[in-house]
1. In region 23-40, what count of residues is obtained for those that are surrounded by fewer than 10 Cβ atoms within 10 Å (Cβ to Cβ) and not in a loop (DSSP other than H, G, I, E, B)?
2. Being surrounded by 11 or more Cβ atoms within 10 Å (Cβ to Cβ) and in contact (Cβ under 8 Å) with a residue 40 or more places away in the chain: is that true of residue 94 here?
3. In region 53-77, which residue that is over 18 Å from residue 104 (Cβ atoms) and part of a helix (DSSP H, G or I) is nearest to the chain's Cα centre (by Cα)?
């Protein structure tokens, strides 16, 4: 069996075990305020990490290019309370324009 398939199967088993463990943990532990506050922050941290990795990383290297300008533009639009679709298309358009005119690396 190829190493990739072993990784896929192992990841699937781990994901299933984690989901199953969430169902068998007694509710008294899940109702703890500290657990509730941590579990509320986990998605935010994971999405933030994903944005950082996708913005600044290419393979194993850190890069600074048009994606950073797009991210900054998206933050500005979010602060202006623009609709999400406007934020996404605006950031993509700014990054595409910068790349088209070769204004960044």
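Each value in this text was obtained by applying a stated rule to the coordinates, not by laboratory testing. Predicted model only: the values in this text are computed from it and were never measured. Cβ: placed from backbone, ideal geometry, glycine included. Neighbour counts: every protein chain shown.
1. The number of residues fulfilling the criteria is 9.
2. no
3. Selected residue: 53.
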